[in-house]
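Participant: Right, I'll just put the structure down here and ask away after.
The values are calculated or read from the model by the stated rules, or taken from the named source; none is laboratory data. Everything numeric in this text was worked out from a predicted model, so none of it was measured. With ideal geometry, Cβ positions are generated from the backbone for all residues, glycine too; neighbour counts draw on all protein chains shown.
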Amino acid sequence: MTVKKTGRSTFFIVVALIALFAVSTVTGLDYIYGDNTTTVIKGVDDIRLGIDIKGGVDVTFAPAGDYDATDAQLDAATEVIKTRLATLGINDNELYSDGKSDRIIVRFPWQAGESNFDPEAAVKELGEMAELTFRKGDEYDTDAEGNITPTGDIVINGSDIDSAGYTQQPDASGNYEWVVTLKLNTDGTSKFGSATSELAGTSTPISIWMDSTMISAPTVNNAITNGNAVITGNFTSESAKKLADQINSGALPFKIETKSFKTISPTMGEGSLDAILLAAVIAFALIAIYMIVLYRVPGLVAVIAICGQIAGSLAAVTGWFGFQPGATLTIPGIAGIILAVGMGVDANIITGERIKEELRSGKSTDAAIRVAYKRAFSAILDGNITNVIIAIILMGAFGVPSSFFSKILNRTIFFMFGATAEGVVYSFGFTLLVGVICNFIFGVFASRLMVTSLAKWSDKKALYGGDGK
Amino acid sequence: MSKKKQEASQAQAYTGKVYDFCSKKTMILVIAICVVVALIAGALIRGVKFAIEFKGGTLLTYSYTGDLDTDAVDAEVEKLVDSNVNVRRGESLDSDGYQITISFTSKEGLNADGQHELTENLRAAFPDNELELFDSNDVSPSSGREFLLKCLLAMVFAAILIIIYIAIRFSRIGGWSAGICSIFALCHDILAALAVSIICGFEFNSNIVAVILTILGYSINNTIVIYDRIRENRTLMPKASLNELINTGCSQSLTRSIRTSVTTIGTMLVVTIVVLISGYNSLLSFSVPLMAGLISGTYSSLFVAPVTWSWWKGSKKAPKKDKKNDK
């Protein structure tokens with residue numbers, strides 16, 4: 001290997017670049033133009049924290065019983081849930097579906113201080129089938145467990161409805177009551193028109209059902225052919241709005257139930273995040289002192305390199321690099337960063353020990369540094385590549401169904417499992433992979449540049465861990 | 001090229017003390033047996049507690065104020081759930097209120113409807129206690145089993161790929177056996193972490209998954225650093241026996257092993273202390289078993305992996321050569 005042109009100034013250039021990178025990662029970059037803040041680079045404040053840190057809801061839906069949904073049905077169901085999330089005002093959400101195991105995974109945060117938000121009720125509403133039917137007559141069957149099944153012929157269902165709204169109108173005695181108004185589409189208008197003309201004047205009512213609950217069963221006075229229908233039934237403004245929203249977001253094509261359902265309160269997670277951050281700062285300070293005392297100049301360089309590595313991991317999480325969108329940081333994700341930083345410290349210790357060894361064998365400082373970095377590299381390479389293997393397997397096995405590694409692994413080795421999207425394990429794999437890559441950039445490449453450059457200033461062996469002189 | 005050779009000849013003169021790692025077979029066997037015995041004894045005496053991520057079930061935590069009779073809560077929950085309900089009282093971390101934790105395993109898991117109903121029922125039954133849902137976790141038994149199986153399969157798959165990788169990269173010194181022995185060391189470390197986890201009475205939850213994953217990375221890395229030295233010594237000392245190579249390699253790596261371990265184990269010690277002081281004990285089941293795994297990892301990479309490997313290689317060649325290394 002030829003000697004690279006590493007001059008005295010290289011050290012400062014590398015340090016400046018790492019500092020610039022680290023600072024821009026932490027603070028981010030945005031400018032304010034008028035009232036608009038444009039974020040060019042996302043900073044640490046913009047990191048999306050996982051629900052295990054900031055609290056939230058993680059729920060997996062699957063078809064009830066042994067129902068096998070087709071991919072088209074699953075997509076339709078996912079769309080319905082997406083609309084319902086928006087209707088509930090939950091805009092910051094993650095929604096995945098997996099056609100192989102028929103699962104729909106929803107995650108959304110539960111903001112701190114949002115005490116009037118009821119996650120249980122929200123999830124219940126997301127998972128309701130919400131199939132609206134208008135039926136002839138109001139007959140129904142009750143099975144042994146008390147479950148009600150309407151039996152009348154279906155006149156129209158949710159797919160015949162163009163849009164729903166809610167308003168107030170006077171009832172028979174002149175009091176204003178809340179009602180849900182429906183605008184039917186062409187198909188629905190003709191079906192509804194023929195049914196109402198058939199039943200007009202008879203005592204057979206048209207019953208209106210939401211799933212297995214009868215909302216009301218009015219009798220028909222006149223045929224309704226203009227495509228407008230009204231649902232009455234002791235609504236309040238809230239319940240009328242809810243029903244209209246449900247009709248607008250459509251029915252699920254099949255009945256679903258929760259496979260797993262997890263809520264984490266915000267206070268729990270934030271406390272443990274603070275504890276981890278405090279521990280990380282203390283540990284970093286101790287390691288910095290330890291490295292500098294043991295290895296002098298290479299130790300100092302190691303500390304700078306580790307700063308760069310941590311910044312690199314954070315940058316990948318915030319989405320600093322334009323090519324990937326950023327990720328969610330969870331507690332195991334932090335463990336992945338810690339593991340990668342540990343590997344980075346180890347790489348520097350391996351090199352530091354090598355420099356000492358080579359110095360002891362009588363080499364000049366310059367030669368010792370060169371040989372040490374070269375020799376240490378094979379160990380660092382093999383150790384880190386095995387971690388890359390582990391990281392990729394984890395990302396594949398527990399990633400979201402649409403991600404790259406997940407597509408490869410879930411179709412081959414994990415074929416008998418559905419996508420679990422266990423975000424927690426995925427997050428560990430992601431930060432580990434990024435950390436290991438950063439380890440090569442900072443722990444190996446940048447630190448060699450820095451040590452080699454500093455050796456140009458002074459090559460006293462004692463500064464590099466040699467014995468005296 | 002000539003420079004390279006010159007450097008190689010200089011590095012050959014390893015003057016440090018060479019310890020005889022390969023003669024410690026009995027000790028290694030005894031320690032491995034101790035780890036397994038500790039694991040089994042711990043499992044028998046304290047029992048293995050699987051968290052509901054793995055076994056399926058429901059865990060609900062509510063915060064409340066005032067006095068709450070746990071037996072009354074138990075009775076209220078059992079109205080809705082036809083299985084054994086466990087109710088535990090705890091102190092809240094963030095306020096001066098209290099918490100109550102309800103856990104049970106039901107065949108189907110409690111779905112969102114059921115959970116909503118349960119919360120409503122409890123609020124109605126204990127209106128003065130301002131029950132608020134703190135956190136909840138509900139996993140159907142089938143998903144729990146699937147998650148466990150998938151974790152295991154991911155680890156087995158990772159182990160196979162690592163063996164293949166080591167076999168290729170270390171083919172010069174007999175890669176396959178080296179790869180398999182690195183997995184022995186890995187199993188040793190994982191068992192040590194599990195044993196400590198069981199003895200401390202932690203339940204197996206997603207923290208233990210993170211612990212095992214971390215150990216997977218560190219243990220293999222530690223072993224590879226040592227193998228790398230052996231591989232290098234093979235070039236530098238072409239005439240040396242495998243045991244001499246191993247002893248030299250381990251001795252050379254000793255300082256690095258100890259110093260790296262000081263940083264990693266130290267970090268986990270800091271985490272443990274901070275967690276103990278701040279009271280977020282949920283992280284203890286991460287930091288304490290990980291520390292055990294890291295300590296085991298330092299030892300196993302120096303002893304278990306290289307020595308079982310020398311044993312393996314030695315027993316194959318035994319009929320041809322005299323057994324000078326058997327004690």
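Participant: Can you name the condition, by its number, that A:Gly319 falls short on among (1) at the interface with chain B (Cβ under 7 Å from one of its Cβ atoms); (2) in contact (Cβ under 8 Å) with a residue 60 or more places away in the chain; (3) surrounded by fewer than 20 Cβ atoms within 10 Å (Cβ to Cβ)?
Facilitator: Condition not satisfied by A:Gly319: (1).
Participant: Moving to a separate point now. If you scan region A:124-182, which residues turn out to be under 18 Å from A:Ser237 (Cα atoms) and acidic (Asp, Glu)?
Facilitator: A:Glu125, A:Asp171, A:Glu177 - these are the residues of region A:124-182 that are under 18 Å from A:Ser237 (Cα atoms) and acidic (Asp, Glu).
Participant: Next up: Answer yes if at least one residue in region A:127-138 is out of contact with any Leu (no Cβ under 6 Å at 6 or more places or on another chain), surrounded by 15 or more Cβ atoms within 10 Å (Cβ to Cβ) and within 13 Å of another protein chain (Cβ to nearest Cβ), and no otherwise.
Facilitator: yes
Participant: Identify all residues within region B:264-284 that are at the interface with another protein chain (Cβ under 7 Å from one of its Cβ atoms), closer than 24 Å to A:Tyr290 by Cα and surrounded by fewer than 22 Cβ atoms within 10 Å (Cβ to Cβ); write none if there are none.
Facilitator: Passing the criteria: B:Gly266, B:Val270.
Participant: Conditions: (1) at the interface with chain A (Cβ under 8 Å from one of its Cβ atoms); (2) crowded, with 20+ Cβ neighbours inside 10 Å; (3) not hydroxyl-bearing (Ser, Thr, Tyr). B:Leu186 meets all but one. Number of the miss?
Facilitator: (1)
Participant: Within region B:109-131, take every residue that is more than 7 Å from chain A (Cβ to nearest Cβ) and closer than 14 Å to B:Leu59 by Cα and give me the one that is modelled with the highest pLDDT.
Facilitator: Ranking the qualifying residues of region B:109-131, first place goes to B:Leu118.
Participant: Can you tell me which residue within region B:132-141, out of those that are surrounded by fewer than 22 Cβ atoms within 10 Å (Cβ to Cβ) and within 8 Å of chain A (Cβ to nearest Cβ), is farthest from A:Ser260 (Cα to Cα)?
Facilitator: B:Glu132
Participant: From the residues in region A:51-68 that are more than 17 Å from A:Ala122 (Cα to Cα) and acidic (Asp, Glu), which one is farthest from the chain's Cα centre (by Cα)?
Facilitator: That would be A:Asp66.
Participant: Among the strands (runs of 3 or more DSSP E) confined wholly to region A:95-157, which include 2 or more residues that are more than 14 Å from A:Met210 (Cβ to Cβ) and at pLDDT 80 or above?
Facilitator: Correct list: A:103-109, A:140-142.
Participant: Let me ask another. If A:Thr236 meets every condition in (1) out of contact with any Pro (no Cβ under 6 Å at 6 or more places or on another chain); (2) outside the structural domain of A:Gly336 (by TED's automatic domain parsing); (3) β-branched (Val, Ile, Thr); (4) surrounded by 19 or more Cβ atoms within 10 Å (Cβ to Cβ) apart from one, which number is that one?
Facilitator: (4)
Participant: Further question: Answer yes or no as to whether A:Ala335 is among the hydrophobic types (A, V, I, L, M, F, W, C), crowded, with 24+ Cβ neighbours inside 10 Å, assigned to a helix (DSSP H, G or I) and at pLDDT 85 or above.
Facilitator: no
Participant: State yes or no: is A:Thr452 of a type in the set (S, T, N, Q) and either over 30 Å from A:Ser101 (Cβ atoms) or modelled with pLDDT under 80 (or both)?
Facilitator: yes
Participant: Output the number of residues of region B:164-179 satisfying the condition of being surrounded by fewer than 18 Cβ atoms within 10 Å (Cβ to Cβ) and either outside the structural domain of B:Ser241 (by TED's automatic domain parsing) or hydrophobic (A, V, I, L, M, F, W, C) (or both).
Facilitator: Summing the residues that are surrounded by fewer than 18 Cβ atoms within 10 Å (Cβ to Cβ) and either outside the structural domain of B:Ser241 (by TED's automatic domain parsing) or hydrophobic (A, V, I, L, M, F, W, C) (or both) in region B:164-179 gives 4.
Participant: Given the residues B:Val211, B:Val196, which is the only one that is in contact with a helix residue (DSSP H, G or I) (Cβ under 8 Å, 6 or more places away or on another chain), closer than 12 Å to B:Ala292 by Cα and surrounded by fewer than 24 Cβ atoms within 10 Å (Cβ to Cβ)?
Facilitator: Sole residue among the options that is in contact with a helix residue (DSSP H, G or I) (Cβ under 8 Å, 6 or more places away or on another chain), closer than 12 Å to B:Ala292 by Cα and surrounded by fewer than 24 Cβ atoms within 10 Å (Cβ to Cβ): B:Val196.
Participant: Restricting the search to region B:136-168, which residues are closer than 30 Å to B:Met237 by Cβ and either in contact (Cβ under 8 Å) with a residue 60 or more places away in the chain or not in a helix (DSSP H, G or I) (or both)?
Facilitator: Across region B:136-168, the qualifying residue is only B:Ile166.
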